[in-house]
Amino acid sequence: MKLLKIAVALSSFVSIVTTSSIVQAEEIVIYSARNEQYIKPLFDLYTKQTGVQIKFVTDKEGPLMERLKAEAANTPADMLITVDAGNLWQAANAGLLQTINSPILNANIPAHLRDPKNQWFGLSVRARTIFFNSQKVKAGELSTYEDLATAKWKGRLCLRTSKKVYNQSLVAMMMDEYGEAKTEAVVKGWIANLATDVFADDTKMLEAIGAGQCDVGIANTYYYGRLIEKKPNLPIALFWANQAGKGVHVNVAGAGITKHAKNPVGAQKFLEWLSSDKAQNLFTDLDLEFPANPAVKPDAKLVSWGSFKQNLINVTKAGELQADAVRLMDRAGYK
Ligand code: FE
């Protein structure tokens, strides 16, 4: 009897210790496909403000999604953070994410920057627009992505490879807006106008514009921001595409809560915080992307590029039409 009492006392003692240690160390586990330098300061600030510990694993989105699939219900991950709506759509489509019911996120993030089924939310906006060599081209000669397929740009255009999801998303959104036949004609026109082989990344393509190897090209603005910060004398200028039409192609970096999250409540609170003023400012200062929350003013450097109209097509289209876009680019000879 005495032994039993001791055992009962001991087990309740153990459970108190266990419970209190869980409370003390609330933890969120994140699988992140973002470069650590652009995301870790946000984790650190959240921990400082709330005491919630954030553990994270950084890898490319492909391996992280494979890992989530393989781990299934045993995954330690509460949240997946990655770039490009095409990637977020893939994760939702593979059943790796769960629906989030959050009035805060719905209020902070515009409808075109989030999944209509609320399985993921864009947290920053990346604009993919036209850049030109300011010694060879005048801004007045530029207008739209489609115009870069016309004969006046023959031998003057540079592009990044079609293997990159950014270009797959751009073409997918064009397919949604213009239909397949017109988009294919545009992509064929681009390829006919290439000054040189496609580039492995946006920065190399921008450097080729700066060096005069090409006159115009298409890139994400943050690559331009980072390059110009290092080499301010390069004769490269930004042009906001399609402003007389539907607007410039935008994409997101964003996040969703994993299907088998152990701490979905904590993960949702963190996601809501990421959409708030404080976090949105830090986001854009770190990586030169635009805030997804329209109430937050972008970094001064971004403001200096001028305001622009975003295309309001839901970024989910980038995922839904991704496979079609890849096939179209293949047919058009876009390597
Ligand atoms: Fe990028």
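So that you can scan it fast, the table gives a plain yes or no per residue for (1) polar (S, T, N, Q); (2) outside the structural domain of Leu97 (by TED's automatic domain parsing); (3) modelled with pLDDT under 95:
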| residue | (1), (2), (3) |
| --- | --- |
| Trp273 | no, no, no |
| Asp277 | no, no, yes |
| Asn281 | yes, no, yes |
| Leu288 | no, no, yes |
| Asn293 | yes, no, no |
| Trp305 | no, yes, no |
| Ala325 | no, yes, no |
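Consider the range 184-211 and keep the residues that are within 16 Å of the ligand (Cβ to nearest atom) and part of a helix (DSSP H, G or I). The one that is surrounded by the fewest Cβ atoms within 10 Å (Cβ to Cβ) is Lys204.
When Lys301 is tested against the conditions (1) at pLDDT below 95; (2) under 18 Å from the mean Cα position of the chain (by Cα), the lone failure is (2).
For Ser304, are the conditions met, namely being free of Cβ contacts under 8 Å to residues at least 40 places away in the same chain and polar (S, T, N, Q)? Judged against the criteria, Ser304 is a match. Among the residues of the range 219-245, those identified as of a type outside the set (Gly, Ala, Ser), more than 13 Å from the ligand (Cβ to nearest atom) and crowded, with 17+ Cβ neighbours inside 10 Å are Ile228, Leu234, Ile236, Leu238, Phe239, Trp240, Asn242. Those strands (runs of 3 or more DSSP E) of the range 45-137 in which at least 3 residues are more than 16 Å from the ligand (Cβ to nearest atom), considering only elements entirely within it, cover 53-58, 121-133.
The values are calculated or read from the model by the stated rules, or taken from the named source; none is laboratory data. Keep in mind the model is a prediction, meaning the values are calculated, not measured. Positions of Cβ are backbone-derived with ideal geometry, glycine not excepted, and every protein chain shown enters the neighbour counts.
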